[in-house]
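Following: one structure in structure tokens, then a few remarks.
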Amino acid sequence: MTAPDPTEPVVAPEAPAPSADRPPPFSPFQDPRRWLLLGVISLIWVVLDQVSKVWAHGTLQHLPGRVIHLVDGFAAFSYVRNPGAAWGFLSSADSAFRLPFFIVVTSVAMVFMLYIFVRLEPGQWLLMVALSCILGGAVGNFIDRIRFNFVVD
């Protein structure tokens with residue numbers, strides 16, 4: 001093994017030429033249809049969420065027991081004000097802690113959903129629709145927390 005000649009210039013190896021067979025890397029910002037899908041479905045979901053909560057607030061809260069039975073023992077609409085999270089988690093916590101906590105957690109969750117959405121591959125339309133619905137529900141609950149300090153369930 002010989003030492004390199006210090007008088008010769010050092011040349012970096014050439015990068016391989018892009019192959020005509022290989023497509024360029026995917027960018028989620030190239031396809032505006034995915035963002036249109038996210039926006040339209042999330043907006044529809046938020047509107048449905050808020051309309052159903054207005055209906056529940058105006059109709060169910062004035063009924064005895066706050067319930068409309070659809071199928072006895074199986075399905076019913078009921079009115080619940082949930083200051084906590086799922087199953088009333090943190091509902092008895094002090095409001096000065098609970099409201100900022102849920103606003104931050106919901107915001108982080110929405111950003112995380114957008115992060116996942118950006119990383120989806122083309123053709124994963126069903127997952128895009130599902131994330132759009134979940135995001136719409138999170139935005140609806142976020143609106144409730146800001147307006148009422150509780151979520152109408």
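Determine which member of the set 80, 105, 111, 51 is in contact with an Asp or Glu (Cβ under 6 Å, 6 or more places away or on another chain) and either open to solvent by 50 Å² or more (accessible area, probe 1.4 Å) or modelled with pLDDT of 90 or more (or both).
Among 80, 105, 111, 51, only 80 is in contact with an Asp or Glu (Cβ under 6 Å, 6 or more places away or on another chain) and either open to solvent by 50 Å² or more (accessible area, probe 1.4 Å) or modelled with pLDDT of 90 or more (or both).
For the condition of a type in the set (A, V, I, L, M) and touching a residue at least 60 places away in the same chain (Cβ under 8 Å), what is the one hit in 38, 70?
Just one listed residue meets the conditions, 38.
Return a yes/no flag: does the range 117-131 have any residue that is within 29 Å of residue 76 (Cβ to Cβ) and assigned to a helix (DSSP H, G or I).
Among the residues of the range 117-131, at least one is within 29 Å of residue 76 (Cβ to Cβ) and assigned to a helix (DSSP H, G or I), which makes the answer yes.
When you look at residue 27, is it at pLDDT 85 or above and of a type outside the set (A, V, I, L, M), yes or no?
It is false that residue 27 is at pLDDT 85 or above and of a type outside the set (A, V, I, L, M).
Name, by its number, the condition in (1) closer than 30 Å to residue 58 by Cα; (2) under 19 Å from the mean Cα position of the chain (by Cα); (3) polar (S, T, N, Q) that does not hold for residue 124.
Going through (1) closer than 30 Å to residue 58 by Cα; (2) under 19 Å from the mean Cα position of the chain (by Cα); (3) polar (S, T, N, Q) one by one, residue 124 breaks only (1).
Only one of (1) in contact with a Phe, Trp or Tyr (Cβ under 7 Å, 6 or more places away or on another chain); (2) outside any helix (DSSP H, G or I); (3) open to solvent by less than 90 Å² (accessible area, probe 1.4 Å) fails for residue 61. Which number is that?
Tallying (1) in contact with a Phe, Trp or Tyr (Cβ under 7 Å, 6 or more places away or on another chain); (2) outside any helix (DSSP H, G or I); (3) open to solvent by less than 90 Å² (accessible area, probe 1.4 Å), residue 61 fails exactly one: (2).
The values are calculated or read from the model by the stated rules, or taken from the named source; none is laboratory data. The model shown is predicted, which means the values in this text are computed figures rather than measured ones. Please note: Cβ atoms are built from the backbone with ideal geometry, for glycine as well, and neighbour counts cover all protein chains shown. Keep in mind that these areas ignore ligands, DNA and RNA; they rest on the heavy atoms of the full protein, side chains included. Shrake-Rupley method; radii C 1.70, N 1.55, O 1.52, S 1.80 Å.
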